[in-house]
Amino acid sequence: MTNLHKDPFVISVLVLALLVSGVLLVRKYWTSTPPAATVTPVSEESRQVREVRLYFGGRDAMYLAAETRELENCADDQVCLAATVQALVDGPEGDLVPILPPRTVVHGVTEQDGMASIDFSRELVAGHPGGSVSELLTVYGLADTLAENFPYIRQVRILVEGQVVETLKGHVDLSRPITADFRYVSRSRSDNDDQTASAEEITEAASAADRSQLGLPSEEETVGDDQTGTKEEYTP
């Protein structure tokens, strides 16, 4: 019988075989293809996409007109509320007219007991073009957008740098919360034409806003002539 401990040739063959086997195993481990990573598609539900209806100025800048948009990450109403206001600041994607200055920053949006409070930066006032109709579209574009997409919101309070302001440019009173009013929505975009204000009515509303802001009586409150029954025009 061959003595393995005393035969250098046999020992060398065994060592060489072990080395070759080890190299082959290591090579197989290094060159093996890792299993492909499983990619789970993101569903619409997990993205929490929500379709909202945003009100901007119409092409004639006399009415509000709606634009539909999809907002992501709207699982939480508070987050979605802020995203909706930000979408109004970002402006329309089509040919409608913005209702908020583009450099306006939304500092915060909160809701309590059906009233949304929106805190804007001072650019809301500084960058606003002014004018009665323009202010009406800004104010009611905000209020109508929130009321339509979040039906539990009944009023909107507009703040600037955390403070209540009397008005944007001297026309619409902002010292009190604003209630949504869909009469300013364009007839072609409104579901109920009978509840949409005419151009004359919007002009009258703008005029009434001016008179109210200036502390003047409305046309119905002007003094009548006792003898002729006609109304006297109020002269400031």
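None of the figures in this text is laboratory data; all of them are computed from the coordinates on show. All figures in this text were calculated on a predicted structure; none of them were measured in a lab. All Cβ positions, glycine included, derive from the backbone under ideal geometry; neighbour counts span all protein chains shown.
Things to note:
- Overall, the anisotropy analysis places the stretch 95-149 in the oblate class: the square-rooted eigenvalues a ≥ b ≥ c of its C-alpha gyration tensor yield a/c not less than 1.5, with a/b not exceeding b/c.
- Summing charges over all other residues whose Cβ lies under 15 Å from the Cβ of S175, with Lys and Arg as +1 and Asp and Glu as -1, gives 0.
- With K and R counted +1 and D and E -1, the other residues having a Cβ less than 9 Å from that of L96 yield a net charge of -2.
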